[in-house]
Amino acid sequence: MLPMADDTVSRAEALAKGLKRYRTGKPCKQGHFAERFVINCACCECTADRTDEWIKSNPTAAKVRQDCAKRFRQENPHYQAQWVSKNKEKQRAYARNWYVKDPAKRVEVALSWKRENPEKARTHVRNWIARRKNARGSHSTEEILAILERQNWRCAEPTCGKSLRQRRHIDHVMPLAKGGSNDASNLQALCPTCNCRKSDKTPEEWARTHGRLL
Ligand SMILES: [Zn+2]
Ligand SMILES: [Zn+2]
């Protein structure tokens, strides 16, 4: 972290204000421009490093402590909620911190979310692709589920009607490539076969391939 001249708080000031940390603006022996703990003047970053080391070399004891803390949080949800509301910034910094420091955990969390929320993940990807194609509009997972319900979970192509319970594609009725929007009003659910055949045909072109609208 870079030193900032205007946010120094002396230990005495911090004590007077009841803060737990102060900031000298000077580096510690390890060169961290981090906050210091009021209680022992120790550099917060060095302390965090030492804690990480302790956890690595005492995995069993660390697990016991972690489980104990977890149990406490579960048994005292109001305490946790109170802490979060009082320490929003700290909580956010903590979330950012593991997100940056631990790419493996980041991938693991993302994958497990995707496994548990497949429909949401697909909606997310669809909206992302549409945005990249500069298409108008967006839709929610609830809207996709409403479309499926309305179609009775069957392929929207009247000559097909295959069940969509196992596999389905969400199709833009008027293709994005031809100026169609990404709003739910321009979406239908097709079976994979029909969707691949339809590709980016307009509704008229698609109807003609089935001998309609001659
Ligand atoms: Zn330090
Ligand atoms: Zn079909």
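Coordinate-derived values only; no laboratory data. Every value quoted in this text rests on a predicted model; they were computed, and no experiment measured them. Every residue, glycine among them, receives a Cβ derived from its backbone with ideal geometry; neighbour counts consider all protein chains shown.
Do you know which of the residues in segment 165-214 that are assigned to a helix (DSSP H, G or I) and under 15 Å from residue 122 (Cβ atoms) is nearest to the chain's Cα centre (by Cα)?
Let us first name the residues in segment 165-214 that are assigned to a helix (DSSP H, G or I), namely 176-178, 184-186, 192-198, 203-209.
Next, from what is left, pick out any that are under 15 Å from residue 122 (Cβ atoms): 184, 192, 195.
On the way: 184: 23, 192: 28, 195: 29 Å.
Applying the filter and picking the extreme gives 184.
Among helices (runs of 4 or more DSSP H) entirely within segment 16-118, having at least 3 residues that are among the aliphatic types (A, V, I, L, M) singles out 59-75, 88-101, 103-116.
Residues of segment 163-177 being farther than 17 Å from residue 199 by Cα and in contact with a strand residue (DSSP E or B) (Cβ under 7 Å, 6 or more places away or on another chain), which ones? Passing the criteria: 163, 164. Here segment 132-175 is the region considered, the condition is being of a type in the set (Asp, Glu), in contact with a helix residue (DSSP H, G or I) (Cβ under 7 Å, 6 or more places away or on another chain) and within 25 Å of residue 114 (Cα to Cα), and the residue that is surrounded by the most Cβ atoms within 10 Å (Cβ to Cβ) is 171.
For the residues 153, 206, the requirement of being closer than 24 Å to residue 140 by Cβ and of a type in the set (A, V, I, L, M, F, W, C) singles out 153.
When segment 21-38 is limited to residues that are in contact with a Pro (Cβ under 9 Å, 6 or more places away or on another chain) and more than 10 Å from residue 9 (Cβ to Cβ), the one that is nearest to ligand 2 (Cβ to nearest atom) turns out to be 34.
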